[in-house]
Amino acid sequence: MPDGDPKIDTNTGPVIRQLDDTVISRIAAGEVVERPASAVKELVENAIDAGATRIDVEVADGGKSLIRVSDDGCGIPSEDLPLALARHATSKIDGSDLLAIRSFGFRGEALAALGAVGRLTLTSRVMGRDAGASIASAGGTLGAVRPAARGCGTTVELRDLFYATPARLKFLRTDRAEMQAVSDIVRRLAMAEPGIAFTLSQVTDGEARVSFRADAETGDLWGALRGRLGRIMGSDFTENALAIDAEREGLHLGGFAALPTFSRGAATHQYLFVNGRPVRDKLLTGALRAAYSDVLSRDRHPVAALFISCDPELVDVNVHPAKAEVRFRDPGTARGLVVSGLRHALAEAGHRSSSHLGGAALGAMRPEAGAPPVYQRDYTTRASWAPQPAPDLQPGFAEMGPSARFDPAPAPTPAGEVVEPAAPIEDYPLGAARAQLHENYIVAQTRSGVVIVDQHAAHERLVYERLKGQMAANGIASQALLVPQIVELPNGGADTLLAESDALAQLGLVIEPFGGGAVAVRETPALLGQVDAAKLLPDLLDALEEAGAGGGDAGLLGARLDAVLSRVACHGSVRSGRRMGAEEMNALLREMEATPHSGQCNHGRPTYVELKLSDIERLFGRA
Ligand SMILES: Nc1ncnc2c1ncn2[C@@H]1O[C@H](COP(=O)(O)OP(=O)(O)OP(=O)(O)O)[C@@H](O)[C@H]1O
Ligand SMILES: [Mg+2]
């Protein structure tokens, strides 16, 4: 210890002192208010708790010099104003049951904290009273209650945040970065409250400019949520998302999750809410990833806004000073709900592929086309999710089905390499195959447009789904090679594979030791047709290594069977790069319609795009 440290008496050791209230409040405030965005979060949550129908947020200099939040909620009686600013004073719980928290607030901490680290003015008027009142607090010192003019509701103005704790100021980032964080939190909170109108304005030189506006959504819960999410995440998202509605042991999962073909390169477009609170929860994001693992490659990330709601007793919101984390009483149930709820919806969506792909394709064709659609950052929503039937935004194939009416269509003019007479199968979702182009693209005519299928990608997916089906039934059927193929696998690869030979045999791959770092391949999965084992085996080794990295000692194959099967399927694209007759092409289309997940290949790329006739007409300036 350096000499002269005031806290150390060299004769008697450290001196323990009681800190005064101002210091205690500032320390506590540091946990609650980390940056302007956390102040905005507390104030907006208070407004939501107060039953507001509109909330306006104004911010100057990234929130450092001014944050003002106004609402039209229930207001605070003038005699209670000092109490609202006192620590540990709340109207929201009585303390008897910390497990039954239904409001955002419960600690009675936020306003006191803000008053301790900035200059705060609280102005409020309760409905039915003819005057309002205000009180100020600066650095923790309360002023007197004064009459003030105001409509019903509350305004909290916070100036010079952290002026009383300059050390904290140094940790703030640029105004721009702080403003971005404020914008993020306002949008996130707005996602969960579609019935409340929000604005966020930036104040410069006394002039306010609205940077975000979301009007109150009307209609039923699903419609309102869909509208709000479209407003915040972009209508692209809602058009390409599946409505999620699932329940498990008292936990309800609602919201929207995008089709795999609408994935992103980063996990930043995932918005998770628990009882209306925006949360960043590893358990839930892990579950989201797991739900899509089968349909997305590792470097793609699902886009989703998901809302879990449950009895407050099933989740502890009191585990984090800023309430950013929650703890489920039964984490396994929460995880299982997300994984199975999403997987179920994805499987039901069948081969649906994103609608934006057709648009993107048209955009690419049009000379004056601008950049591909970009959608805004972010967020999700609260709302007590009373389970309601989810509307299917766009029907999956199952519901569409071929229409019962089969009219013969006139035979088309030959255009591609294969032309067949028109069949009534146009009524099927993927239509009637008309031609194959470049030995890989099937062009099909539907009732309302044109479908182009990437035959390689589609086939890969079908093989994968069939392999999974066989695996789940009695193991994958194999076919014996007339002459065993010898494959060299250096660096211990042969031993690694041989150690898994029993499991591999179940996958239809029978290998034996050949000595000298090589294996003899005797049988291969029958579904794949002719396989080049010299390419398949190194790929399998990679998959096993990845599985090893994921941990788990229940047998590597057991751990990531799907990943391994997906690799295997890539080697079975017998139909790619090869001409197909109309019958074979139509069989492929029909199989796609009947196969779950067939809208994207194993890497999350689309297997087909659809151009609507109306789009094509627009392309030619006809509409
Ligand atoms: N916008 C508002 N409208 C009406 N009442 C409010 C508003 N903001 C605060 N209050 C009242 O002031 C009290 C204190 O607010 P504060 O945010 O400090 O605590 P809290 O919301 O109860 O709990 P927490 O610290 O968890 O946010 C609230 O319990 C509420 O009664
Ligand atoms: Mg509060």
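A count restricted to the stretch 117-137 and to residues that are open to solvent by less than 20 Å² (accessible area, probe 1.4 Å) and of a type outside the set (Gly, Ala, Ser) stands at 4. If you go through the stretch 68-87 and keep only what is under 34 Å from the mean Cα position of the chain (by Cα) and within 15 Å of ligand 2 (Cβ to nearest atom), you end up with VAL69, ASP71, GLY73, CYS74.
When the residues of the stretch 598-623 are narrowed to those that are part of a loop (DSSP other than H, G, I, E, B) and farther than 15 Å from ASP454 by Cβ, which ends up most open to solvent (accessible area, probe 1.4 Å)? For the stretch 598-623, the residue satisfying everything is ARG622. The set of residues from the stretch 25-37 being under 27 Å from the mean Cα position of the chain (by Cα), within 16 Å of ligand 2 (Cβ to nearest atom) and open to solvent by 20 Å² or more (accessible area, probe 1.4 Å) comprises just one member, GLU34. Those strands (runs of 3 or more DSSP E) of the stretch 425-538 in which 2 or more residues are open to solvent by 50 Å² or more (accessible area, probe 1.4 Å) and charged (D, E, K, R) occupy 518-525.
Spot the failing condition for ALA164; the list is (1) within 13 Å of ligand 2 (Cβ to nearest atom); (2) touching a residue at least 60 places away in the same chain (Cβ under 8 Å), and only one is missed. Just one mismatch for ALA164, condition (1).
If a residue must be away from ligand 2 (no atom under 16 Å from the Cβ) and either touching a residue at least 12 places away in the same chain (Cβ under 8 Å) or in contact with a Ser or Thr (Cβ under 7 Å, 6 or more places away or on another chain) (or both), how many such residues does the stretch 117-134 contain? Walk me through how you get there before you give the answer.
Within the stretch 117-134, the subset away from ligand 2 (no atom under 16 Å from the Cβ) is 119, 121, 123, 125-134.
Subset that is either touching a residue at least 12 places away in the same chain (Cβ under 8 Å) or in contact with a Ser or Thr (Cβ under 7 Å, 6 or more places away or on another chain) (or both): 119, 121, 123, 125-127, 129, 131-134.
Residues that pass the stated criteria total 11.
One residue stands out in the stretch 55-85 among those that are touching a Gly at 6+ places or on another chain (Cβ under 9 Å) and in a loop (DSSP other than H, G, I, E, B): the one that is farthest from ligand 1 (Cβ to nearest atom), namely ASP72.
For ALA52, the conditions (1) within 14 Å of ligand 2 (Cβ to nearest atom); (2) part of a helix (DSSP H, G or I); (3) modelled with pLDDT of 80 or more all hold with the exception of (2).
If we scan the stretch 25-38, do we find a residue that is within 8 Å of ligand 1 (Cβ to nearest atom) and touching a helix residue (DSSP H, G or I) at 6+ places or on another chain (Cβ under 9 Å)? Yes: one or more hits. Of the strands (runs of 3 or more DSSP E) contained entirely in the stretch 231-348, those carrying at least 2 residues that are among the hydrophobic types (A, V, I, L, M, F, W, C) and within 25 Å of ASP215 (Cβ to Cβ) fall at 241-248, 251-258, 270-274, 304-310.
The set of residues in the stretch 94-113 being more than 8 Å from ligand 1 (Cβ to nearest atom) and either among the polar types (S, T, N, Q) or under 34 Å from the mean Cα position of the chain (by Cα) (or both) consists of SER96, ASP97, LEU98, LEU99, ALA100, ILE101, ARG102. Taking first residues from the stretch 209-231 that are closer than 25 Å to ILE67 by Cα and partners that are among the aliphatic types (A, V, I, L, M) and outside any strand (DSSP E or B), the Cβ contacts under 6 Å between residues at least 6 apart in sequence or on separate chains come to ALA214/ALA190. With respect to GLY140, determine if the residue is surrounded by 18 or more Cβ atoms within 10 Å (Cβ to Cβ), at pLDDT below 85, within 16 Å of ligand 2 (Cβ to nearest atom) and not acidic (Asp, Glu). When the stated conditions are applied, GLY140 does not pass them.
When restricted to residues that are away from ligand 2 (no atom under 11 Å from the Cβ), under 23 Å from SER137 (Cα atoms) and open to solvent by 40 Å² or more (accessible area, probe 1.4 Å), the stretch 88-116 contains 1.
Within the stretch 38-61, the set of residues being over 16 Å from LEU111 (Cβ atoms), of a type in the set (Val, Ile, Thr) and surrounded by fewer than 24 Cβ atoms within 10 Å (Cβ to Cβ) comprises just one member, THR53.
Considering the conditions (1) over 17 Å from LYS41 (Cα atoms); (2) in contact with a helix residue (DSSP H, G or I) (Cβ under 7 Å, 6 or more places away or on another chain); (3) away from ligand 1 (no atom under 12 Å from the Cβ), VAL117 is excluded by exactly one of them, (1).
The listed residues are ALA267, ALA291, ALA243, and the only one of them that is among the small types (Gly, Ala, Ser), open to solvent by 10 Å² or more (accessible area, probe 1.4 Å) and within 12 Å of the chain's Cα centre (by Cα) turns out to be ALA267.
Contact map, the stretch 64-76: residues that are hydrophobic (A, V, I, L, M, F, W, C) paired with residues that are within 6 Å of ligand 1 (Cβ to nearest atom), Cβ distance under 6 Å, separation 6+ or inter-chain. Pairs shown: CYS74/ALA50; ILE76/ALA84. Report yes if LEU306 is at pLDDT 95 or above and touching a Leu at 6+ places or on another chain (Cβ under 8 Å), otherwise no. Criteria met by LEU306. Among the conditions (1) within 16 Å of ligand 2 (Cβ to nearest atom); (2) assigned to a loop (DSSP other than H, G, I, E, B); (3) open to solvent by 20 Å² or more (accessible area, probe 1.4 Å), ARG173 misses just one, which is (1).
The values are calculated or read from the model by the stated rules, or taken from the named source; none is laboratory data. Everything numeric here is computed off the predicted structure, so don't read it as measured data. Every residue, glycine among them, receives a Cβ derived from its backbone with ideal geometry; neighbour counts consider all protein chains shown. We work out accessible area using only protein heavy atoms, side chains counted, and drop any ligands, DNA or RNA first. Shrake-Rupley method; radii C 1.70, N 1.55, O 1.52, S 1.80 Å.
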